[in-house]
There are 2 protein chains.
Amino acid sequence: MNKKGRGLLIVISGPSGAGKGTICKSFLERNREVSLSVSATTRDPRKGEVEGVNYYFMTKEDFKEKINSNDFLEYAEVYDNYYGTPKSNVEEMLENGVDVILEIDIQGALKVKENTEEGVFIFILPPSMQELKQRIINRGSETKESLMKRFKSAYKEINFVSKYNYAVVNDKVEIAVEKLEAIIAAEKCRVDRIKDSILDSKEGIIHEQLYD
Amino acid sequence: MNKKGRGLLIVISGPSGAGKGTICKSFLERNREVSLSVSATTRDPRKGEVEGVNYYFMTKEDFKEKINSNDFLEYAEVYDNYYGTPKSNVEEMLENGVDVILEIDIQGALKVKENTEEGVFIFILPPSMQELKQRIINRGSETKESLMKRFKSAYKEINFVSKYNYAVVNDKVEIAVEKLEAIIAAEKCRVDRIKDSILDSKEGIIHEQLYD
């Protein structure tokens, strides 16, 4: 294992419209040493999308093979295409001591939680349900029915907060990002994460040197 | 309860020589809204000591009465005098939404842990056992035997880290204080602390307003 210790798997999730994308983007700009997990998909690349940056593009056959070999932290089928988080990429980064952000919807986050014992699960909350509604409306390009559906679903999804470790209200992006940074710094001080290395380093000292 | 919610009880502890006093002092200078818990004692005030600032000074009779009425988070008898943390003062501050720091030795911290279900327990670690030894020596004014006794006790005490929530290495005071600040900020985002208020505020919204 890397000298820094294993990286943190940071799962950032929340209802549609809570602003998890904006927070992750701002967080990653300020914390260049942290990596964003890149999803795999079977859909065709859109113009400008780059393999390994926006997505790992793969065939359905390859994707299904990876499902069978249990190489996804989570995956879902959406409109006849698959999307998923490749386990091996994330594992490699964590093993190298790199912190990994996984930005993901609530269903995905709950699957990740089932499939791994690690992970710091952070729920991004809108400042209020009113504000959430407004944000969903502001995205525009949707019918009134689909807006209502989105909003009702977001309203229900907030109940899932109890499955998470932390909740951060996205009132001001900068403050939310600072909270995220605090959570990560604090998690690195958690005794259940670092106990072994503390006790190891203590025992590693030569007694003669101490009791001279 | 105060609108801000209940304050955090932050227990800062660690072996003698780890520097918990220095860290607390620096932390409190930077975070004026946080209060330091003042201990009660039966010893006589020394010159310059102020009631309610350095200690609450009380008679042995009063102290014992408080012990019997279970009004200490922890107490100990040292050289024929009592020292303790009055429960009611701490409780009042927490209830008013004030975060309270309790700077305390390991035995005291473990008693606090037995006597309350709340509390964020933070263990201050010396950068190394060598450094710890040097710090104990630098305090001076002790015999070689008492130095050795202090050091051996500190060495053993580090095993108690596993009873704590967080461990902070006191390599540079400023960095240690920043970690403390991060821990407190993160604790305020913990879902198990704030879940009820999140779900309450969600349900508090009038549905008609949302679905207009």
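The values are calculated or read from the model by the stated rules, or taken from the named source; none is laboratory data. The model shown is predicted, which means the values in this text are computed figures rather than measured ones. Here the Cβ positions follow ideal geometry from the backbone for every residue, glycine too, while neighbour counts run over all protein chains shown. Please note that ligands, DNA and RNA were not included when accessible areas were found on the heavy atoms of the full protein model with its side chains. Shrake-Rupley method; radii C 1.70, N 1.55, O 1.52, S 1.80 Å.
Values computed for the structure shown
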{"item": "Other-chain or far-sequence residues with amide H under 5 Å of residue B:74's (modelled H)", "result": "B:85"}
{"item": "Within a Gaussian network of chain B (alpha carbon springs, distance under 10 Å), most fluctuating of B:99, B:200, B:44", "result": "B:200"}
{"item": "Residue B:22 accessible area, assembled protein chains, probe 1.4 Å, Å²", "result": "80"}
{"item": "Max mean-square fluctuation residue, GNM over chain A, Cα-Cα springs under 10 Å, options A:180, A:102, A:28", "result": "A:28"}
{"item": "Number of partner chain Cβ atoms within 10 Å, mean per residue of A:117-126", "result": "1"}
{"item": "Other copies of residue A:31: label-to-label distances in nm, shortest first, labels 7 Å along the beta-carbon direction", "result": "1.9"}
{"item": "Nonlocal amide H pairs with residue B:17, under 5 Å, H built at 1.01 Å", "result": "none"}
{"item": "Cross-link pairs beyond the 23 Å C-alpha cut-off, checked among B:25/B:172; A:111/B:195; A:195/B:195", "result": "A:195/B:195"}
{"item": "Fraction of antiparallel bridges per DSSP, the range B:1-148 only, in percent to nearest 5", "result": "40"}
{"item": "Built amide H within the under 5 Å cut-off of residue A:125, gap 5+", "result": "A:168, A:169, A:170"}
{"item": "HN-Hα J in Hz across the range B:146-156 - Karplus 6.51, -1.76, 1.60, θ = phi - 60°, x for Gly and Pro", "result": "6, 4, 4, 5, 4, 5, 4, 5, 4, 4, 5"}
{"item": "Copies compared at residue A:160 - label distances in nm, ascending, label defined 7 Å from Cα in the Cβ direction", "result": "4.3"}
{"item": "Peptide A:155-164 - average C-beta neighbours from other chains (10 Å radius)", "result": "3"}
{"item": "Label 7 Å beyond Cα on the Cβ vector: residue A:178 copy-to-copy distances, nm", "result": "1.4"}
{"item": "Compactness of the range A:1-143 - radius of gyration and Dmax, Cα, Å", "result": "16.0, 53"}
{"item": "Interface area, A with B, accessible, probe 1.4 Å, both sides summed, Å² nearest 100", "result": "3500"}
{"item": "Cα-centred dipole magnitude for the protein assembly as shown, charges only on beta-carbon of K, R (+1) and D, E (-1), debye, nearest 20", "result": "420"}
{"item": "Net dipole in debye of the range B:1-158 [+1 Lys, Arg Cβ; -1 Asp, Glu Cβ; about Cα centre; nearest 20]", "result": "740"}
{"item": "The range B:1-86 - charge dipole about Cα centre, Lys and Arg +1 at Cβ, Asp and Glu -1, debye rounded to 20", "result": "540"}
{"item": "Residue of B:95, B:142, B:187 that the Gaussian network model of chain B assigns the largest fluctuation, springs spanning Cα pairs under 10 Å", "result": "B:142"}
{"item": "Rounded Å value of the spacing that divides the Cα centres of the range B:163-193 and the range B:100-117", "result": "16"}
{"item": "Low-density loop positions, trypsin sites (Lys or Arg not before Pro), the range A:1-41 - DSSP coil, at most 13 other Cβ in 10 Å", "result": "A:3, A:4, A:32"}
{"item": "Degrees separating the helix B:173-187 axis from the principal Cα axis of chain B, which is the longest one", "result": "30"}
{"item": "Rotationally averaged projected area of the range A:25-82 (alpha carbon convex hull; nm²)", "result": "5.1"}
{"item": "Accessible area per residue, Å², the range B:31-134 with all protein chains present, probe 1.4 Å", "result": "54"}
{"item": "0 to 90° range, to nearest 10: angle between helix A:129-138 axis and chain A longest Cα axis", "result": "60"}
